[in-house]
Each structure stands twice: as structure tokens, then as C-alpha cells.
1. What order do you get for Glu30, Glu90 when you list them from fewest to most C-beta neighbours inside 10 Å?
2. Give me the Kirkwood hydrodynamic radius of the chain in Å, from all C-alpha pairs, to one decimal place?
3. To the nearest 20 Debye, how big is the dipole of the chain about its Cα centre, given +1 on the beta carbon of each Lys and Arg and -1 on that of each Asp and Glu?
4. Filter the DSSP H helices in the chain by two things, a Kyte-Doolittle mean of at least -0.5 and an axial alpha-carbon span of 27 angstrom or more, and list the hits by number.
5. How would you classify the range 187-241 from its alpha-carbon gyration tensor, with a ≥ b ≥ c the square roots of the eigenvalues: rounded for a/c under 1.5, else prolate if a/b is greater than b/c, otherwise oblate?
6. Among Thr189, Thr3, Thr215, Thr151, which comes first, second and so on when ranked by fewest other beta-carbon atoms within 10 Å?
7. I need two numbers for the range 111-221: Rg to one decimal and Dmax as a whole number, Cα atoms only, in Å.
8. Under the rule of -39500 (n - 2.57) per DSSP H run of 4 or more residues, summed and divided by the residues of the chain, what mean residue ellipticity at 222 nm is obtained, to the nearest 500 deg cm²/dmol?
Amino acid sequence: MITGGHRGIGRAIAEAFTAAGARVAIADIEGADTAAGEIGRGTIGISCDVRSSTSVAAAVARATTELGGLDILVNNAGIAVLSPLHELSEEDFDSLVSVNLRGTWLVYKHAVPALINGGGAIVNIASLAGMAAFPLLGAYSGTKGGIVRLTEAMALELREYGVRANAICPGFIDTNMVQGSSDAFATITGGSFEQMVTAVQGRLGTPGEIASLATYLASDSASLLNGVAIIADCGMNLHRV
Ligand SMILES: NC(=O)c1ccc[n+]([C@@H]2O[C@H](COP(=O)([O-])OP(=O)(O)OC[C@H]3O[C@@H](n4cnc5c(N)ncnc54)[C@H](O)[C@@H]3O)[C@@H](O)[C@H]2O)c1
């Protein structure tokens with residue numbers, strides 16, 4: 001089950017998983033049915049808002065029933081808001097926490113009974129911004145740092161059930177989220193987002209590059225990895241000057 005799988009990184013993960021032979025349920029607030037139809041191979045589209053307990057419970061129940069169980073959970077649904085921390089509205093702060101941090105926990109909470117039934121893997125999409133603060137992404141960074149800590153707790157608490165939990169911390173990836181951030185960056189700073197990315201990361205990553213890593217982490221090839229947060233950013237985190 002992949003949250004936020006209708007486009008971007010989640011969509012690439014859904015395509016990579018189905019190519020690897022998995023049956024996938026896409027749980028998304030929009031476009032889930034359409035994406036599932038386009039991917040095919042038995043992919044299920046489920047309308048789900050990760051902010052809502054009722055919605056998440058129904059989505060997990062449907063995925064578990066229709067797939068005949070749940071082996072892999074990818075917590076990918078997320079939003080970003082660019083703003084100086086002190087200018088961020090209370091509504092935007094609450095939305096970031098509600099979707100990114102609370103949503104990750106809520107889907108996990110409802111999926112655990114099915115996951116521990118057969119052993120499996122959890123992949124949480126955090127961010128490089130969860131490993132170090134980014135200017136203009138302060139609250140987002142806070143939620144993503146929280147996801148890294150949640151991942152460690154998941155790993156420790158589910159180890160005895162044979163379920164592994166790991167996080168991916170992408171740098172800048174070419175998706176709608178980054179396109180939206182690009183416009184906001186230019187408005188706030190007057191600078192070019194593209195030039196900033198080129199300076200610090202060299203190039204944008206692709207959703208497929210994150211999907212390859214997610215496929216590895218979800219597979220038995222990663223059997224020794226548990227509770228880690230892997231940075232995928234062309235070495236941007238090493239940039240010091
Ligand atoms: N693009 C990047 O540079 C980048 C970098 C680091 C981390 N990430 C993370 O990767 C994940 C995917 O982001 P993306 O770049 O593909 O962005 P995106 O905006 O293309 O995709 C986000 C997906 O989440 C879904 N979603 C949003 N709110 C939801 C909700 N309440 N319930 C269910 N689904 C919801 C959207 O419909 C969409 O399908 C996010 O968690 C994001 O924070 C992205």
C-alpha cells in the first residue's frame with residue numbers, strides 16, 4: 001500500500017513495485033483510481049485522506065481484503081509549504097503536521113495489525129530536510145525529522161515480528177511539489193530556484209531514482225537494514241561552502 005501514489009515519487013514507486021511483481025494499492029486524496037487504471041496489473045485505487053482516521057481505517061481494510069494481506073507499506077503522502085518560519089500561518093503549520101507527521105503515524109497505526117501478520121517492510125519517505133534544517137522549509141523540516149524518529153521507533157517495536165522500517169531522505173526531486181516550491185522560492189527570495197538546485201545538488205533527482213531505492217528497501221535484499229534513513233541527494237548534504 002502506497003499513500004500519495006497517484007503522481008510524483010509515489011507513482012514511480014507504484015510502477016516500480018508492480019514491475020517487480022507486487023500487487024499495489026494506491027491510497028491518495030485524489031487521482032487514485034485513474035493512476036491505478038493507468039498502471040494496471042491488478043493495481044487498486046483507493047480514495048484516502050491520511051489526515052482522517054476514518055478514511056485511513058477504511059483504506060487499510062480495503063487494501064488488506066482486496067490484496068489478501070499487507071506486506072509493504074510506503075508512507076509517501078506529503079505536502080510542502082515554503083515560508084520563513086515566523087511568517088508561516090497556523091493553518092499551514094497544522095496542515096504540515098497533520099499530513100506529513102500525523103498522517104505517517106496514522107496510516108502506520110492502522111496498518112500494523114496486517115503487517116505483523118506476515119512480516120514485511122515499511123518505507124517512509126522523509127526528506128534531506130528531515131536530517132538538517134532548510135531555510136524556508138522550517139516546519140516541513142520539523143515534520144520530516146519527526147518521520148525519521150518515528151521510523152526508528154517502528155523499527156525497534158516491530159523487529160520481533162520480522163517487519164523492517166526504513167526511511168528515504170530525498171534531496172530535490174523533479175515533481176509537482178518541487179515545481180510549486182520553485183515558484184514560491186522565486187517570490188520570496190527573488191532568486192532562481194533552478195540555479196540554487198544546480199549549485200547545491202547539481203541536478204534534480206528523478207522519481208524513478210527514489211523508486212529504485214524504495215524497491216530495494218522493501219525487498220529481502222535489504223534484510224539487514226532496519227531503522228536507517230538513507231539520503232539520496234547527489235551528495236548535497238556534504239555541501240559546506
Ligand atoms: N519532490 C521533492 O523534492 C521531495 C524531496 C524530499 C521529500 N519529498 C517527499 O516525497 C513525498 C512525495 O512528494 P512528491 O514530490 O512526489 O510530491 P507530489 O505533490 O507530486 O505528490 C504528493 C502526493 O501526496 C498526495 N497527498 C497530499 N495530501 C494528501 C492527503 N492528505 N492524503 C493522501 N494523499 C495526499 C498528493 O495527492 C500526491 O499524490 C512527500 O512526502 C514529500 O515530502 C519530496
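Read the figures in this text as sums done on the coordinates, not as results from a lab. Quick caveat: nothing in here was measured; it's all calculated off a predicted structure. No Cβ is skipped: glycine too gets one built from the backbone with ideal geometry, and neighbour counts run over all protein chains shown.
1. So the residues, fewest neighbours to most, are Glu90, Glu30.
2. 17.9 Å
3. Approximately 500 debye in magnitude.
4. 138-158
5. On the way: a/c = 3.28, a/b = 2.34, b/c = 1.40.
In terms of gyration-tensor shape, prolate.
6. In increasing order of surrounding Cβ atoms, one gets Thr189, Thr215, Thr151, Thr3.
7. Calculated on Cα positions, Rg and Dmax stand at 16.5, 52 Å.
8. So the helix-based figure for the chain works out to -14500 deg cm²/dmol.
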